[in-house]
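Below is one structure, written out as structure tokens; comments come after it.
Any read-out appearing in this document is the output of simple, stated calculations on the displayed coordinates, not a laboratory observation. Keep in mind that this is a model prediction, so the values were computed, not measured. Here the Cβ positions follow ideal geometry from the backbone for every residue, glycine too, while neighbour counts run over all protein chains shown.
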Amino acid sequence: MAANKMRLRVATPESVKLDEDVGMVIVRCITGDMGILPNHAPISAILDFGVLRILDNDGEEDIERRMAVFGGIAQIKDNVVTILANDAQWPEDIDIAFVQSERERMERRAKEDLDALEIQRDQILMRRTLVQIEVSSYPLLSKIEHDEANINQ
Amino acid sequence: MSSMKAIKKRISSVNSTKKIMKAMNLVAASKLQKAKTRLDHIRPMFDNLTQVMDGIKRGLGPEDEIAFAQSREVKSIAYIILSGDRGLCGGFNTNVSKEALSFIESNSDKQEQIIAVGTKGWEYFKRRDKNIIHRVSGASEATSFADAEILGNQVAKMYASGEVDEVYIVYTHFETILAHVPHIVKLLPISTEASAEQDSNPIVMDYDPDAKSFIEHAVPMYLNITIYGAMIESAVCELASRMTSMDSATRNATEIIDDLTLEYNRKRQGMITQEITEIVTGANALN
């Protein structure tokens with residue numbers, strides 16, 4: 001393992017999503033984003049719904065990948081970042097049309113009169129869709145930013 | 001004459017049974033492949049989580065008041081028992097039920113609360129008049145994480161409210177296609193006793209936001225994953241067990257058919273011989 005790398009493992013009950021050496025990880029914890037570089041001190045954290053950003057450098061340019069993580073725990077120990085998520089998705093696994101329609105449905109439902117349990121459930125679903133939308137719009141966004149930067153030049 | 005007819009009838013009935021068993025064997029084999037991939041997927045998560053829990057246990061001091069780790073006087077124990085919904089799978093259901101029963105009986109001075117997952121286990125304990133508080137069926141055919149989550153939340157709630165003081169899960173552990181071992185695992189309270197091979201210098205671990213909330217978050221997750229993992233192990237064992245027992249049943253059926261065919265042919269030959277003898281004696285009599 002290169003000196004400036006660490007092992008990142010992302011596991012969910014359904015499968016192992018990722019197991020490789022990376023340069024930097026930014027993960028959403030319930031207390032906010034946590035950036036992790038190699039040789040981080042041992043820490044355990046509770047994860048929130050959010051975007052997991054995986055930054056790497058292939059020797060020429062920086063690569064960033066994103067993954068939607070829906071709660072769980074993270075543990076850093078011996079230069080290994082273990083993310084045990086309740087669920088996690090790569091952008092390409094997200095059916096964005098379905099997510100958008102779900103989101104609209106949740107927005108409509110928010111106007112209705114619901115009991116507390118349903119509202120709670122809807123809020124979780126809503127947060128889930130928001131993260132999914134954020135993750136799947138990422139390659140698009142970065143492309144737009146890139147294009148804009150070119151135009152400005 | 002009638003006995004020949006009977007043999008023929010038996011051959012055809014064994015033959016159709018054999019066909020069914022052959023089909024069940026093939027179905028189980030293809031389902032087993034799918035279930036095994038799921039097992040391979042859950043195991044890393046399960047192992048990692050177990051490691052995290054071990055770390056927690058080691059770092060935990062008596063001053064941390066974690067509800068899930070406090071052992072109290074045991075009056076009532078909950079058992080989650082995982083079995084199959086259907087038979088024709090060798091000793092799978094009986095083995096796990098027997099193991100659970102002997103364990104329950106070794107704790108007979110405490111009140112038992114059984115959560116029976118799988119119809120066969122439910123029937124077994126129902127016949128023995130055990131206190132079954134909850135029954136889940138259909139989980140071994142289509143194991144979903146949601147099922148495990150519901151069970152996990154239920155036992156966590158029962159433990160927190162003081163309804164039960166300990167929670168165990170009994171399931172069949174998959175080792176190889178032929179080796180399945182019933183396991184009993186204590187789910188709650190998580191034992192804080194130092195394990196035998198304790199490090200001389202335990203790792204200093206930071207917690208975000210703090211140890212107590214981390215553990216309170218991690219334990220329910222550990223419960224759910226353990227139950228889910230156990231469910232998948234059980235499902236794989238059931239299928240493997242069905243596959244092997246159906247395979248040997250098919251072989252036995254072939255043997256029976258061979259024996260019966262031999263007997264049938266012998267009878268047929270005997271009859272022909274007898275007929276010839278009759279004709280010959282008849283012709284001799286005429287001369």
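Observations on the structure shown:
- Scan of region B:139-160 for residues that are of a type in the set (A, V, I, L, M) and not in a loop (DSSP other than H, G, I, E, B), ordered by number: B:Ala146, B:Ala148, B:Ile150, B:Leu151, B:Val155, B:Ala156, B:Met158, B:Ala160
- In the set (1) more than 14 Å from chain B (Cβ to nearest Cβ); (2) without any contact (Cβ under 8 Å) to a residue 12 or more places away in the chain, the condition left unmet by A:Lys5 is number (2).
- Residue tally, condition part of a helix (DSSP H, G or I) and among the hydroxyl-bearing types (Ser, Thr, Tyr), over region B:207-223: 2
- Selection of region A:14-41 for residues being in a loop (DSSP other than H, G, I, E, B), within 16 Å of A:Met67 (Cβ to Cβ) and either touching a Ser or Thr at 6+ places or on another chain (Cβ under 6 Å) or within 11 Å of chain B (Cβ to nearest Cβ) (or both) yields A:Glu14, A:Ser15.
- Apart from one condition, A:Asp56 fits all of (1) more than 14 Å from chain B (Cβ to nearest Cβ); (2) surrounded by 15 or more Cβ atoms within 10 Å (Cβ to Cβ); (3) outside any strand (DSSP E or B); the exception is (3).
Yes/no matrix, rows are residues, columns are (1) more than 23 Å from B:Phe46 (Cβ to Cβ); (2) of a type in the set (D, E, K, R):
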{"position": "A:Val22", "(1), (2)": "yes, no"}
{"position": "A:Thr31", "(1), (2)": "yes, no"}
{"position": "A:Ser44", "(1), (2)": "no, no"}
{"position": "A:Leu47", "(1), (2)": "no, no"}
{"position": "A:Val51", "(1), (2)": "yes, no"}
{"position": "A:Ala88", "(1), (2)": "no, no"}
{"position": "A:Arg103", "(1), (2)": "yes, yes"}
{"position": "A:Glu112", "(1), (2)": "yes, yes"}
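- Just one of the listed residues (A:Glu61, A:Glu112) is surrounded by fewer than 18 Cβ atoms within 10 Å (Cβ to Cβ) and over 30 Å from A:Val22 (Cβ atoms), namely A:Glu112.
- Filter result (within 26 Å of B:Ser12 (Cα to Cα) and of a type in the set (Asp, Glu)) within region B:245-287: B:Asp247, B:Glu255, B:Asp258, B:Asp259, B:Glu263
Every residue, every condition in (1) crowded, with 24+ Cβ neighbours inside 10 Å; (2) of a type outside the set (A, V, I, L, M, F, W, C), yes or no:
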{"position": "B:Ala235", "(1), (2)": "yes, no"}
{"position": "B:Ser241", "(1), (2)": "yes, yes"}
{"position": "B:Asp247", "(1), (2)": "no, yes"}
{"position": "B:Asn252", "(1), (2)": "no, yes"}
{"position": "B:Ile257", "(1), (2)": "no, no"}
{"position": "B:Met271", "(1), (2)": "no, no"}
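- Selection count where residues are in contact (Cβ under 8 Å) with a residue 60 or more places away in the chain and buried (at least 22 other Cβ atoms within 10 Å of the Cβ), scope region B:94-117: 3
- Qualifying residue in region A:42-53 (condition: of a type in the set (Ser, Thr, Tyr), within 14 Å of chain B (Cβ to nearest Cβ) and surrounded by fewer than 22 Cβ atoms within 10 Å (Cβ to Cβ)): no
- Taken together, A:Val99, A:Val80 contain a single residue that is of a type in the set (Val, Ile, Thr) and without any contact (Cβ under 8 Å) to a residue 40 or more places away in the chain, which is A:Val99.
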